[in-house]
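Down below is the structure, laid out as structure tokens.
The values are calculated or read from the model by the stated rules, or taken from the named source; none is laboratory data. These figures come from a predicted structure and were not determined experimentally. Here the Cβ positions follow ideal geometry from the backbone for every residue, glycine too, while neighbour counts run over all protein chains shown. Accessible surface is based on the protein model in full, side chains and every heavy atom, while ligands, DNA and RNA are left aside. Shrake-Rupley method; radii C 1.70, N 1.55, O 1.52, S 1.80 Å.
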Amino acid sequence: MTNTQYTGRHGVKETDITTTLMDDRNQKQDDVKVTDNKDGTFSLTCQAKVEGEHTLSVSVRKKTVMGSPVRMKVIPRSGMVCKIGGKGSGVGQMSYPQGTTMTRAGNLLVCDPSNARFQSFTINGNHKQAIQVRDSNSGNTYNPYHVTQSSDGNLFFTTYDKYVIVCDENGKFIRCFGADELKQSRGIAVSPTNGRVYVADWSSHCIRIYSPGGNYFKSFGSQGNGKGQLYYPWGLDINSQGNVIVSESSNNRLQVFNEDGQHLFFIGDTDDKISNPSGVATDKDDNVYVCNYTSPGKVHKFDCHGKFIARIDNDADGLRHPIGVYVTDDKPFGKVVVVDYSCIKIFNQ
């Protein structure tokens, strides 16, 4: 406060100043601290407990000061906010988890293949349930490795070998496909622009494209390190424009294609920001996030053109082998969910 109408020179005391901080749900937050700076001004400080829009109202001797109320946007402090799970087969535990996504209900779904199940958690780390997917006809129970969700709510996930499995959010088996083409399926994504299913075929060094019903269209990529070639593709995601982002674990780079498989550009091929990349994800602004699997692990963020922005974690967070990543739609910045060895670590950015 610097308006001379209310400065200390005019006899105003800290106790004369009344403040109210309200969040966007119209709920009052903690009191605002008022400090007399002893130079004719006062400072107001507060620490909001919830994110989002807030309104600060200030009055002196029951008269509203000029400029009040003030609208403010509270964003979370960056860094790791929680760790979920631990190694094992018990409730909430995982054994070498792989991919992750968020369901339409707002719960994290984590692939826990060594325990032949999905694990479901709230974003705050509360365990919801374990889900097994079993084919009632064959009796097979599937080990999920990478997972994505289509617009109709069905889950599409890959196994360690040659299958893509489709089930509902409760794990009810619907169908499987890909056995005639896939050798070792890895990353999977459903395009928001054409609805097709894209699957990274690791040992075939290509990306295969299917309809949601399992009809095979084509593949793109071949073994190598040139433009449009792939060498052990692992992670895969598709941005809002339909561009396909692929991590190449043995070429130490990401490659971006259009929806038909035409090469657009590389990410990380000319610097040291990518090393043995595994999981890859995009956010609502088409920024790209990639896990560097090599220990000590790192998660890096790039813009939609491939320009490096920031490292999401830091050395103190202790990432060992980050292998899966997902970014929520929170505003202004999504939370970054990282699958690391035997746990999940969640970061604000």
Among V70, V244, V190, determine the one that fluctuates most according to a GNM of the chain built with springs between C-alpha atoms less than 10 Å apart. V70
Please state the charge dipole magnitude for segment 130-274, taken about the Cα centre, from unit charges on C-beta atoms (+1 on K and R, -1 on D and E), reported in debye and rounded to the nearest 20. 220 debye
Tally Lys and Arg at +1 and Asp and Glu at -1 over the other residues with C-beta under 15 Å from the C-beta of G318: what net charge comes out? +2
When only C-alpha pairs under 8 Å and at least 6 residues apart count, what is the relative contact order of segment 183-255, in percent? 26 percent
About its Cα centre, how strong a charge dipole does segment 124-196 have in debye, to the nearest 20, once Lys and Arg get +1 and Asp and Glu get -1 at the Cβ? 120 debye
For segment 187-203, in residue order, the Karplus 3J(HN,Hα) values (coefficients 6.51, -1.76, 1.60; θ = phi - 60°; whole Hz; Gly and Pro = x) are x, 8, 8, 9, 5, x, 9, 10, x, 7, 9, 10, 10, 7, 9, 4, 7
Tally Lys/Arg at +1 and Asp/Glu at -1 over every other residue whose Cβ is under 12 Å from the Cβ of D135; what's the total? +3
Treat every Asp and Glu Cβ in the chain as -1 and every Lys and Arg Cβ as +1, leave all other atoms uncharged, and give the resulting dipole magnitude about the Cα centre to the nearest 20 debye. 720 debye
Can you tell me which aspartates and glutamates have their Cα less than 15 Å from the Cα of K62? Leave out same-chain residues fewer than eight positions away. E14, D16
Please list 3J(HN,Hα) in residue order for segment 98-113, calculated via the Karplus relation 6.51 cos²θ - 1.76 cosθ + 1.60 where θ = phi - 60°; whole Hz, with x for glycine and proline. 10, x, 8, 8, 10, 7, 4, 7, x, 9, 6, 10, 10, 6, 10, x
On the accessible surface of the chain, probed at 1.4 Å with all protein chains in place, carbon and sulfur together account for a percent value of 43 percent
Can you find, among Q119, C176, T193, the residue sitting farthest towards the positive end of the charge dipole of segment 86-235, where Lys and Arg contribute +1 and Asp and Glu -1 at Cβ? T193
Which distance in nm do the two modelled labels at D303 and T55 give, with both placed 7 Å along the Cα-to-Cβ direction? 3.6 nm
Lys and Arg at +1, Asp and Glu at -1: add these up for the other residues within a Cβ distance under 15 Å of D152 and post the number. +2
Name the long-range amide H neighbours of V81: under 5 Å, sequence gap of 5 or more, or other chain; modelled H, no Pro or chain starts. I346, F347, N348
Calculate, for segment 54-163, the solvent-accessible area per residue in square angstrom, rolling a 1.4 angstrom probe over the heavy atoms of the protein chains. 51 Å²
DSSP beta bridge pairing in the chain, given as percent antiparallel to the nearest 5: 95 percent
State, to one decimal in nm², a quarter of the convex hull surface area for the C-alpha atoms of segment 198-349, i.e. the direction-averaged projected area. 8.9 nm²
Scoring segment 203-349 by relative contact order with C-alpha pairs under 8 Å, at least six apart, yields a percentage of 13 percent
Between D168 and A48, what FRET efficiency follows from the Cβ-Cβ distance if R0 is 22 Å, with the result rounded to 0.05? 0.05
Can you tell me which lysines have their Cα less than 22 Å from the Cα of K335? Leave out same-chain residues fewer than eight positions away. K49, K73, K83, K128, K273, K284, K298, K301, K307, K345
Only one of the listed values, (i) 23, 54, 23, 0; (ii) 32, 59, 10; (iii) 29, 46, 19, 7, 0, was derived from the coordinates as P(r) over Cα pairs in 20 Å bins from 0, in percent; which label is it? (iii)
Using only alpha carbon pairs under 8 Å that are at least six residues apart, calculate the relative contact order of the chain and give it in whole percent. 11 percent
Convert each backbone phi in segment 116-126 into a coupling constant with the Karplus relation 6.51 cos²θ - 1.76 cosθ + 1.60 (shift: θ = phi - 60°), then list the ³J(HN,Hα) values in order as whole Hz, x for Gly and Pro. 6, 6, 9, 10, 10, 9, 6, 5, 8, x, 6
By average C-beta atoms within 10 angstrom, highest first, the peptides 42-53, 272-283: 272-283, 42-53
Under a crude label model (7 Å from the Cα following the beta-carbon direction), how far is A310 from D180 in nanometres? 4.8 nm
Please compute the length gained on full extension between S240 and V91, using 0.36 nm multiplied by the number of residues separating them and subtracting their Cα-Cα distance. 50.1 nm
Using packing as a proxy for protection, rank 13-19, 89-95, 321-327 so that the peptide with the highest average count of other Cβ atoms within 10 Å comes first. 321-327, 89-95, 13-19
